[in-house]
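For reference, the structure discussed in these notes is given below.
The values are calculated or read from the model by the stated rules, or taken from the named source; none is laboratory data. Owing to the predicted nature of the structure, the values given are computational and were not obtained by experimental measurement. Virtual Cβ from ideal backbone geometry, glycine too; neighbours counted across all protein chains shown. Only protein heavy atoms, including side chains, enter the accessible area calculation; ligands, DNA and RNA are left aside. Shrake-Rupley method; radii C 1.70, N 1.55, O 1.52, S 1.80 Å.
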Amino acid sequence: LVRTYFKQLIEGLQYLHENGVYHLDLKLENLLLGKDYEMKIADFDLSYIEGDSKVLTRGTRFYRAPELRASKCRDGMAADIYAAGIILFVMKSGGVIPHAEDNLYQGINLLELLNTDSQGFFKKHCEIQGKDWTFFDSGFKELFTKMIKNDPNERATISDIKNSNWYKGSTYSKEELKKRVHKFFQH
């Protein structure tokens, strides 16, 4: 289910980027379910459209790319990829954010740990979430860490994402998705 919705998010971002639109405030609250439970990207009031004079947003805490946070965004596509990586982690973890920017969790700066020791980061998250160490498979870890690189020039592109092993995994068909999510909302 996570992969199905993540693929819809990436397809939506690719469409936006190909048309010169960069959302710059992607977060779960801006992702809606439409007809047949398909994902829709919403809330474009802070987006950047090619030709705008400047970026008007700093993004939303915990989802925003470092360059947005510092008001130095030069690549809207890379900033959207970063936020999509955070969304991927939150969906996979059932609502747990990967880091709290510079805030400490039990004395640990998870953002710093992520940037310096990704294996330690995932180990700590398994501990935090009470998950077995296999919860985050290697394909997921690789994709996530490439999407949230500090340097926007090193961050994964849409093409990189689509070529990743995790992304290429199985998803639900439109009918399967409709049945699965409809069943969830009935409970």
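Quick check on my filter: what residues within the range 43-87 are under 17 Å from ASN30 (Cα atoms) and of a type in the set (Lys, Arg)?
Within the range 43-87, ARG58, ARG61, ARG64 meet the criteria.
Every residue, every condition in (1) assigned to a helix (DSSP H, G or I); (2) open to solvent by 60 Å² or more (accessible area, probe 1.4 Å); (3) more than 30 Å from TYR172 (Cβ to Cβ); (4) not hydroxyl-bearing (Ser, Thr, Tyr), yes or no:
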| position | (1), (2), (3), (4) |
| --- | --- |
| PHE44 | no, yes, no, yes |
| LEU56 | no, yes, yes, yes |
| ARG61 | no, yes, yes, yes |
| MET91 | yes, no, no, yes |
| PRO98 | no, no, no, yes |
| ASN103 | no, yes, yes, yes |
| ILE128 | yes, no, no, yes |
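I'm told PHE140 meets every condition in (1) touching a residue at least 60 places away in the same chain (Cβ under 8 Å); (2) buried (at least 21 other Cβ atoms within 10 Å of the Cβ) except one. Can you identify the failing condition by its number?
Going through (1) touching a residue at least 60 places away in the same chain (Cβ under 8 Å); (2) buried (at least 21 other Cβ atoms within 10 Å of the Cβ) one by one, PHE140 breaks only (1).
So, of the residues in the range 130-166 that are of a type in the set (Val, Ile, Thr) and assigned to a helix (DSSP H, G or I), which turns out to be farthest from MET77 (Cα to Cα)?
Ranking the candidates gives THR145 first.
From the set of residues in the range 68-89 that are in contact (Cβ under 8 Å) with a residue 24 or more places away in the chain and part of a loop (DSSP other than H, G, I, E, B), which is surrounded by the most Cβ atoms within 10 Å (Cβ to Cβ)?
CYS73
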